[in-house]
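Worksheet: the structure to be examined is printed underneath.
Each value in this text was obtained by applying a stated rule to the coordinates, not by laboratory testing. It should be emphasised that the depicted structure is a prediction, and the values quoted were computed from it without experimental measurement. Note that each Cβ is placed from the backbone with ideal geometry, even for glycine, and that neighbours are counted across all protein chains shown.
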């Protein structure tokens with residue numbers, strides 16, 4: 001590896017680490033949006049628009065997590081996305097048990113992100 | 001901090017390219033509604049791949065940018081609110097001004113069936129999210145016209 005290559009890799013790693021920190025730090029705000037959408041869905045379990053919104057949020061995490069070095073975020077979010085998809089595909093209202101399941105996905109994501117955040 | 005580091009790195013990288021090459025930078029247009037994806041893909045494509053990167057957060061904006069900027073390749077998200085990836089591709093392929101631009105889908109859905117369907121729509125290929133930022137430029141380069 002040449003000095004230039006080494007500098008390139010170091011610079012990339014530093015930039016990537018900074019982006020990863022920003023990604024982790026943005027989690028509380030995103031979690032709040034997920035929780036609000038879930039509360040709305042609990043009140044309106046047949047609302048397809050809210051279901052779509054929630055599914056899309058998990059879809060975004062599924063696509064981004066691994067690129068920021070958090071593959072567990074992608075895996076968990078993909079499961080949550082498919083779980084909500086099954087209700088949309090079947091044109092079914094979200095049941096109270098399903099709400100609990102989605103809460104668990106959010107909890108899992110929370111524990112993954114919290115483990116990444118620096119201790120304050 | 002990320003932007004400062006990124007900008008610092010880019011200045012270094014672009015200066016290096018200018019010294020060593022008379023080639024114009026290949027222009028990549030990324031159309032994706034997700035901020036986090038645009039951020040990491042831009043960093044990857046610029047700093048690792050040395051591409052010029054244009055960004056659009058939706059299909060309509062992407063079509064406008066593609067028409068005015070004529071990128072060498074478009075990386076196109078599949079699931080977007082409003083005009084989605086397939087709808088955007090159809091519009092671009094039906095317009096003589098943009099029909100020749102290579103389009104590669106970038107999708108979080110990675111089932112084989114999706115790959116086949118997306119290619120049949122006229123895409124040159126399909127790349128999956130999440131991607132490795134170190135490898136994305138190499139994967140993109142495979143689809144660039146030589």
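If a/c stays under 1.5 just call it rounded; otherwise compare a/b with b/c (prolate if a/b is bigger, oblate if not). Do that for the range B:22-112, with a ≥ b ≥ c from the square roots of the Cα gyration tensor eigenvalues. Working shown, then result.
Numbers: a/c = 1.69, a/b = 1.12, b/c = 1.52.
Oblate shape, in that a/c is at least 1.5 and b/c is the bigger or equal ratio.
What's the average, rounded to a whole number, of partner chain beta-carbon atoms within 10 Å of each residue's beta-carbon in B:35-44? Intermediate values should be presented prior to the final figure.
On the way: counts 4, 12, 5, 1, 6, 9, 2, 1, 5, 5.
The shielding value for this peptide is 5.
Under 8 Å for C-alpha pairs, at least 6 residues apart: give me the relative contact order for the range B:27-141, rounded to a whole percent.
Numbers: 192 pairs, mean separation 30.4, N = 115.
Worked out over the range B:27-141, it gives 26 percent.
Can you give me the relative contact order of the range A:58-120 as a percent, contacts being Cα pairs under 8 Å and 6 or more apart? It would help to have the intermediate numbers written out before the result.
Details: 38 pairs, mean separation 18.0, N = 63.
Reported relative contact order: 29 percent.
When DSSP assigns beta bridges and you keep just the ones with both residues in the protein assembly as shown, what percent turn out antiparallel, to the nearest 5?
0 percent
Relative contact order (percent) for the range A:3-116, with alpha-carbon contacts under 8 angstrom and 6 or more residues of separation?
Details: 83 pairs, mean separation 32.1, N = 114.
It rounds to 28 percent for the range A:3-116.
If you average 1/r over every pair of different alpha-carbon atoms in the range A:3-116 and take one over that average, what Kirkwood value in Å do you get?
On the way: mean 1/r = 0.0663 Å⁻¹.
Computed over Cα pairs of the range A:3-116, the Kirkwood hydrodynamic radius comes out at 15.1 Å.
Can you give the helix-only mean residue ellipticity at 222 nm for chain A, where every DSSP H stretch with n ≥ 4 adds -39500 (n - 2.57) and the sum goes over all residues, rounded to the nearest 500 deg cm²/dmol?
Values: 5 runs with 97 residues, N = 120.
Result for chain A, helices only: -27500 deg cm²/dmol.
Starting from the eigenvalues of the Cα gyration tensor, five times each then square-rooted, give me the equivalent ellipsoid semi-axes of the protein assembly as shown, largest first, whole Å.
Working: eigenvalues 223, 124, 38 Å².
Over the Cα atoms of the protein assembly as shown, the ellipsoid semi-axes are 33, 25, 14 Å.
If I fit a long axis through the Cα atoms of helix A:3-25 and take the longest principal axis of the Cα atoms of chain A, what angle between them do I get, 0 to 90°, rounded to 10?
It is inclined by approximately 30 degrees.
Helix A:27-43 against the longest principal axis of chain A: what's the angle in degrees, Cα atoms only, rounded to the nearest 10?
10 degrees
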